[in-house]
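Participant: Quick one: the structure is below, and I'll ask about it shortly.
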Amino acid sequence: MLATISSATLAGVDGRPVSVEVHVADGLPGFTIVGLPDASCREARDRVRAAVISSDCTWPLRRITVNLAPGAIPKVGAGLDLPIAIGVLMASGQLPAVSDLGAFGELGLDGSVRAVPGALPLADAIPAERVLVPATDAQVVGLVVGSRVRAIRMLTDVVASLAGQLPWPDLPLAPESPPAPPMLDMADVRGQPSARLALEYAAAGGHHLLLVGPPGAGKTMLARRLPGLLPALDPAQAMEVTRVHSAAGLSLPHGLIWQPPFRAPHHSASMAALVGGGSGSARPGEVSAASNGVLFLDELGEFAPSVLDALRQPLEEGVVRVARAGGTTEQPARVLLVAAMNPCPCGVGGDVGCRCPASTRARYARRISGPLLDRIDLMVHVDRPHPSDLLGGSAEPSSAIAERVELVRSLARDRGVRCNAELQGESLAQAAPLEAEARALLEQALLKGQLSGRGLRRIQCVARTIRDLDDAGPSLRPCDVMRAIGLRSRAPIGGADA
Ligand SMILES: [Zn+2]
């Protein structure tokens, strides 16, 4: 007998529909899975057999063939355990054949149904009328497939319900997810006027930022407050972020994610961890998990140069493309990059107190020079706050800064882009005409070789943001351009005189 159950497998951040066909026939007892299963998927054999026996059903001592169609797409992970088990029970006549049934979930040997990464995109890809999902995933899955979801805790739940002995278990009456904790506030940051301003420029214009300063200066504290300055996610962005986090196997304790994400991968992160890919399902990397939010690279100089190089394409295009046997997957990667580093290996920097030999400082500066640095528009020096700052009153709160940020973002939308950093070509020329003196300043910088063609565009974009935050006048003044050039200066790395 033949039984067919709908399911799905994960490819990047997308679910691909999979039809699980189970055939039970006379012949030598055996259990074969075909259709490009990976190692974990092939191991379903042993889990499914144990789970079926633990659920007081009979394991058919006949020839069992499982076909995962379409055969050209690789099937990854343990999520096909549940549909295979249901298929075996149907094809061996222990359950009535039901059409239009979908399922995914990993089986424990005791018949329990466990969560799998990517519940949200998986459920979305299953066209069936009823979709059985692990109970722990049910709430977040309910966000996309609504009343089609059936939450399953044990394989016995499925058996009892399909046999008509029990009604389908009710969705646990949506205990409202606890609200996400409030975001960190700029009111906690004492002093640091130039870093505060740079954070505001970064948030308003979407300009990548590098914070340079000694350990303990508060670089991480500043970076962590950046998501609170960004505009809240709209429903489509919230769904995109939640899908990516689901596919990456990250927990979703607060249901749909409404806050711009903040991801801070360690400097030992591999290329696959940072940009996604690797073997198997092309799991999304940190740059995708940070999409629509902030990617924070602390100790930038410690990241492997090849890993940083891999960030170039995503930063430029806003997507990561991962080629796989089953086709290319595209994963979102529209991030605001914030990096932090010490001014030199000893951390002191400057001319006084630094113990690093000049050659060490030069090598340190070279490590992060080049193409990635070229894409960083704002560089500020962060010093340890002055004692009088620490004792001073509270500073401007994030909510006030976020209002100005939103204003600049709405100006950018009027110009047809998401943020000023995306302006280029004709739209940049129209949105940011240069006053004569400002043009002369840029010409000088180009002639002296202080600026590249790409640098020129980026300086105009930053100057546009600076003027937008000031009085939103129509053209770029010399002072706007001067400040933008100053913020792009690489002086703080490798010491003040590098
Ligand atoms: Zn030093």
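Participant: So, in region 375-405, of the ones that are surrounded by 12 or more Cβ atoms within 10 Å (Cβ to Cβ) and of a type in the set (Asp, Glu), which residue ends up modelled with the lowest pLDDT?
Facilitator: Taking the candidates together, the pick is 389.
Participant: Go through 434, 446 for me and flag whichever is open to solvent by less than 50 Å² (accessible area, probe 1.4 Å) and not basic (Lys, Arg).
Facilitator: Result of the check over 434, 446: 434.
Participant: Now a separate question. Looking for whichever is acidic (Asp, Glu) and at pLDDT 95 or above here; the options are 124, 81, 100. Which one fits?
Facilitator: 81
Participant: Given the conditions (1) open to solvent by 40 Å² or more (accessible area, probe 1.4 Å); (2) within 16 Å of the ligand (Cβ to nearest atom); (3) part of a loop (DSSP other than H, G, I, E, B), report the number of the one that residue 362 does not fulfil.
Facilitator: (3)
Participant: Out of (1) touching a residue at least 12 places away in the same chain (Cβ under 8 Å); (2) on the phi < 0 side of the Ramachandran plot, what's the single condition that is false for residue 161?
Facilitator: (1)
Participant: Another question, if that's okay. Could you check region 231-251 and list, in sequence order, the residues that are assigned to a loop (DSSP other than H, G, I, E, B) and surrounded by 18 or more Cβ atoms within 10 Å (Cβ to Cβ)?
Facilitator: 233, 248
Participant: Residues 337, 372, 315: which one is open to solvent by less than 20 Å² (accessible area, probe 1.4 Å), away from the ligand (no atom under 16 Å from the Cβ) and not in a strand (DSSP E or B)?
Facilitator: 372
Participant: Show the residue pairs that are 6+ apart or on different chains and have beta-carbon atoms under 7 Å apart, the first residue being within region 461-489 and free of Cβ contacts under 8 Å to residues at least 40 places away in the same chain, the second being in a helix (DSSP H, G or I) and of a type in the set (Asp, Glu).
Facilitator: Correct list of pairs: 463/480; 467/480.
Participant: Taking the residues in region 400-416 that are out of contact with any helix residue (DSSP H, G or I) (no Cβ under 7 Å at 6 or more places or on another chain) and free of Cβ contacts under 8 Å to residues at least 60 places away in the same chain as candidates, determine which candidate is farthest from residue 219 (Cα to Cα).
Facilitator: 414
Participant: Among the numbered criteria (1) assigned to a loop (DSSP other than H, G, I, E, B); (2) at pLDDT 90 or above, which one does residue 281 miss?
Facilitator: (2)
Participant: Moving to a separate point now. Look through region 343-359, keep the residues that are at negative phi and near the ligand (Cβ under 8 Å from one of its atoms), and return whichever of them is most open to solvent (accessible area, probe 1.4 Å).
Facilitator: So the residue we want is 355.
The values are calculated or read from the model by the stated rules, or taken from the named source; none is laboratory data. Fair warning: this is a prediction, and the values are worked out from it, not measured in the lab. When we count neighbours, we look across all protein chains shown, and the Cβ atoms used for this are built from the backbone with ideal geometry, even at glycine. Protein only, heavy atoms only, side chains kept; ligands, DNA and RNA dropped before computing areas. Shrake-Rupley method; radii C 1.70, N 1.55, O 1.52, S 1.80 Å.
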